[in-house]
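Asks: Below is the structure I would like to discuss, written out as structure tokens.
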Amino acid sequence: MQIDGIIYDPNSGPVTLQEGDFVVVNPAFCSAVIEVKMTLSGDFSTMKKFEEHLQEIHTRYFPDRTAYHVMGVVIADKDPESVSKRKLASGEMDHYYKYYAGGLCPIFVLFKEKEQCQYELHAEAIEAMIHAIYRNTKVNTIHLG
């Protein structure tokens with residue numbers, strides 16, 4: 001499974017293979033994964049499908065870490081506030097960008113797409129993404145044996 005981006009600290013462990021900016025690294029030496037999509041289209045036509053994909057990455061590569069270590073970024077959507085909402089089991093509404101929600105792989109929709117390549121910030125999601133990335137910069141001292 002190809003992953004768009006990983007947060008990796010070279011001091012945490014060796015690279016298995018490197019070719020320019022492309023590296024193959026043991027997941028134990030990574031602190032987070034970030035999947036980036038321009039929009040929610042194609043295979044990931046809904047936030048739920050995208051979150052299920054992120055959960056699959058989490059289960060496969062980061063089962064020893066909390067789910068928020070696998071994040072999704074959607075660059076733009078026509079209505080980022082609406083697509084960012086998710087229904088909780090209790091029936092209440094919450095947001096996919098609430099990275100601290102238990103068991104959730106957060107998804108951040110960064111911009112509202114307006115007319116003719118004009119974009120408006122989705123400030124709540126951008127702020128949450130910055131906090132989540134900062135929170136994920138530390139690599140656990142978990143080593144595979």
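Asks: For the chain, find the longest principal axis of its Cα atoms and tell me its angle to the long axis of helix 47-61, 0 to 90°, nearest 10.
Replies: Helix 47-61 sits roughly 10 degrees off the main axis of the chain.
Asks: In degrees between 0 and 90, to the nearest 10, how far off the longest principal axis of the chain does helix 123-135 point, with axes built from Cα atoms?
Replies: On a 0 to 90 degree scale, this one is about 10.
Asks: What 222 nm value per residue comes from the helices of the chain, counting each DSSP H run with n ≥ 4 as -39,500 (n - 2.57) and dividing by all residues, nearest 500 deg cm²/dmol?
Replies: -6500 deg cm²/dmol
Asks: For the pair Thr46 and Asn11, how long in nm is the line joining their label points, each one 7 Å along Cα→Cβ?
Replies: So the two model labels end up 4.4 nm from each other.
Asks: Enter the Cα centre distance for the pair segment 1-35 and segment 76-134, rounded to the nearest angstrom.
Replies: If we compute the Cα centre of each part, the gap is 25 Å.
Asks: About the Cα centre of the chain, what is the dipole size in debye to 20, counting +1 per Lys and Arg Cβ and -1 per Asp and Glu Cβ, all else neutral?
Replies: 340 debye
Asks: Please rank Ile34, Ile107, Ile6, fewest neighbouring Cβ atoms within 10 Å first, as an exposure proxy.
Replies: Taking fewest neighbouring Cβ atoms as first place, the list is Ile6, Ile34, Ile107.
Asks: Counting Lys and Arg as +1 and Asp and Glu as -1, what is the net charge of the other residues whose Cβ lies under 10 Å from the Cβ of His95?
Replies: Result for the local shell: 0.
Asks: How much FRET efficiency would the formula 1/(1 + (r/R0)^6) give for Val24 and Tyr100, where r is the Cβ-Cβ distance and R0 is 35 Å, rounded to 0.05?
Replies: Rounded to the nearest 0.05, the efficiency is 0.70.
Asks: Please give the peptides 126-134, 12-20 ranked by average Cβ packing (other Cβ atoms within 10 Å per residue), highest first, as a rough proxy for protection.
Replies: By packing density, highest mean first, the sequence is 126-134, 12-20.
Asks: How big is the Kirkwood radius of segment 5-135, worked out from every pair of different alpha carbons and given in Å to one decimal?
Replies: The answer is 15.6 Å.
Since every read-out is calculated from the coordinates, none of them should be taken as a lab result. Here the structure is a predicted model, which is why all the values come from computation and not from measurement. Positions of Cβ are backbone-derived with ideal geometry, glycine not excepted, and every protein chain shown enters the neighbour counts.
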